[in-house]
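The values are calculated or read from the model by the stated rules, or taken from the named source; none is laboratory data. Because the structure is predicted, anything quoted here is derived from the model rather than measured. Here the Cβ positions follow ideal geometry from the backbone for every residue, glycine too, while neighbour counts run over all protein chains shown.
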Amino acid sequence: MLAIMKAIRLAASGGLERLKLVELPDPPAPRADEIQVRIQGSSLNFHDYAVARFDAPHTVERIPLADGAGVVEATGTGVTEFAPGDTVVSTFFPQWLSGQPLNGDFSTVPGDGVDGYARERVVRPATWFTRAPRNWTAAESATLTTAGVTAWRALIGDGALKAGDTVLVLGTGGVALFGLQLAKAMGATVIITSSSDDKLARARAAGADHTVNYRTTADWGAAVLKLTQGRGVDQVLELGGPGTLPQSITACRIGGQISLIGTLTGSAGQIPTSALMRRQVRLQGLIVGSRAQQQQLINAMDSTGIRPVIDRRFPLAGLADAFRYQESNQHFGKICLEY
């Protein structure tokens, strides 16, 4: 009898209503250098939401979600890194193993250019996964693929964060809270912005040294400068894009770094280039990171005891509801699926 698994398919056009729970045949047995993984958890990112809600129609139906974690069920010949029973987590750019960035688009990203992890079982090359942190649930591990690796690369992999630095984090989503946790573990001071006083209180409870409500403090860049005695922060995790970048430049110290991670306020806009030049700020756009950086992050998770902040969990069949909750912007941290 043909084995069947559950999956979510995203129809070629429409909105969140095009997400349909379907039954599909299990994948064939792994070939050389491949592993079979029973996916048990995933997490949502703005990119996943954009694919499901906004992106131009795909020419074919697609299985969404870039993040997937679970247990190895079988291995093909030649696989030595993993064995059945190992817990693993997917990578965002499967072909980017190490070194400098290779990808300028999402054509190889699971859930976008290729089928993703909103399904119960996959067979993929072993290099598409890394080991998961010790004793983490699948949902926890899945938060690392996109959000965790992005924060790690921005602050540590590329940003070379060190003890005594000051970091400004915009928002309280998955990348932001990983940034908070990693920066505190490195001995940095962290300032967080949000429009919600409740979320800011929760951020302080999670370790933030200072918080600023950008809704009630319109000139929040100047407020951050004041908190740093006029010096400015060493690094900014910039998740807003054109609508927040001018304030981030104001908040950044002379010679500091802004990591442009998100474009929540739009995909284009004016940049105050004279201010950027005067403050000699390094502005770097980045999209997630490499497999090697994910492995570094997981080593850090095992060493520090950091655990992801998960706001709410949904079943696989509740993916559309999970996206609706995401678009409500009520969440603090990650929204996860458990299969």
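Remarks
- Only one entry in Thr91, Thr172, Thr127 is assigned by TED's automatic domain parsing to the domain that holds Ile298, buried (at least 23 other Cβ atoms within 10 Å of the Cβ) and touching a residue at least 60 places away in the same chain (Cβ under 8 Å), namely Thr91.
- Test for Cys336: is it touching a helix residue (DSSP H, G or I) at 6+ places or on another chain (Cβ under 6 Å) and touching a residue at least 60 places away in the same chain (Cβ under 8 Å): yes
- Residue list for region 223-257, filter: free of Cβ contacts under 8 Å to residues at least 40 places away in the same chain, assigned to a helix (DSSP H, G or I) and under 19 Å from Gln280 (Cβ atoms): Leu225, Leu245, Pro246, Gln247, Ile249, Thr250
- Qualifying residues in region 19-54 (those that are among the charged types (D, E, K, R) and without any contact (Cβ under 8 Å) to a residue 24 or more places away in the chain) - the one nearest to Met5 (Cα to Cα): Glu23
- Qualifying residues in region 213-240 (those that are in contact with a Leu (Cβ under 9 Å, 6 or more places away or on another chain) and under 23 Å from Phe46 (Cα atoms)) - the one surrounded by the most Cβ atoms within 10 Å (Cβ to Cβ): Val236
- Taking first residues from region 143-164 that are over 22 Å from Pro94 (Cβ atoms) and of a type outside the set (D, E, K, R) and partners that are modelled with pLDDT under 95 and surrounded by fewer than 19 Cβ atoms within 10 Å (Cβ to Cβ), no Cβ contact under 6 Å between residues at least 6 apart in sequence or on separate chains turns up.
- Ala292 of a type in the set (Gly, Ala, Ser), in contact (Cβ under 8 Å) with a residue 60 or more places away in the chain, farther than 29 Å from Pro101 by Cβ and in a helix (DSSP H, G or I): no
- In the set Gly255, Gly285, Gly333, Gly243, only one residue is surrounded by 18 or more Cβ atoms within 10 Å (Cβ to Cβ) and either more than 30 Å from Ala7 (Cα to Cα) or assigned by TED's automatic domain parsing to the domain that holds Ile8 (or both); that residue is Gly333.
- Meets criteria (crowded, with 20+ Cβ neighbours inside 10 Å, in contact (Cβ under 8 Å) with a residue 24 or more places away in the chain and over 15 Å from Ile191 (Cβ atoms)) for Ile261: yes
- For the residues Ala322, Ala317, Ala292, the requirement of being touching a strand residue (DSSP E or B) at 6+ places or on another chain (Cβ under 8 Å) and farther than 15 Å from Gly174 by Cα singles out Ala317.
- Exactly one residue out of Ser13, Ser43 is modelled with pLDDT under 95 and polar (S, T, N, Q), and it is Ser13.
- Qualifying positions in region 165-209 - among the β-branched types (Val, Ile, Thr), more than 24 Å from Thr145 (Cα to Cα) and either over 20 Å from the mean Cα position of the chain (by Cα) or assigned to a helix (DSSP H, G or I) (or both): Thr166, Thr189
- Residue in region 196-203 that is of a type outside the set (S, T, N, Q), touching a residue at least 12 places away in the same chain (Cβ under 8 Å) and farther than 19 Å from Glu238 by Cβ present: yes
- Residue match in region 94-106 (condition: at pLDDT 95 or above and outside any loop (DSSP other than H, G, I, E, B)): no
- Matching residues in region 108-124 - criterion: being in a loop (DSSP other than H, G, I, E, B), surrounded by fewer than 20 Cβ atoms within 10 Å (Cβ to Cβ) and free of Cβ contacts under 8 Å to residues at least 60 places away in the same chain: Thr108, Gly113
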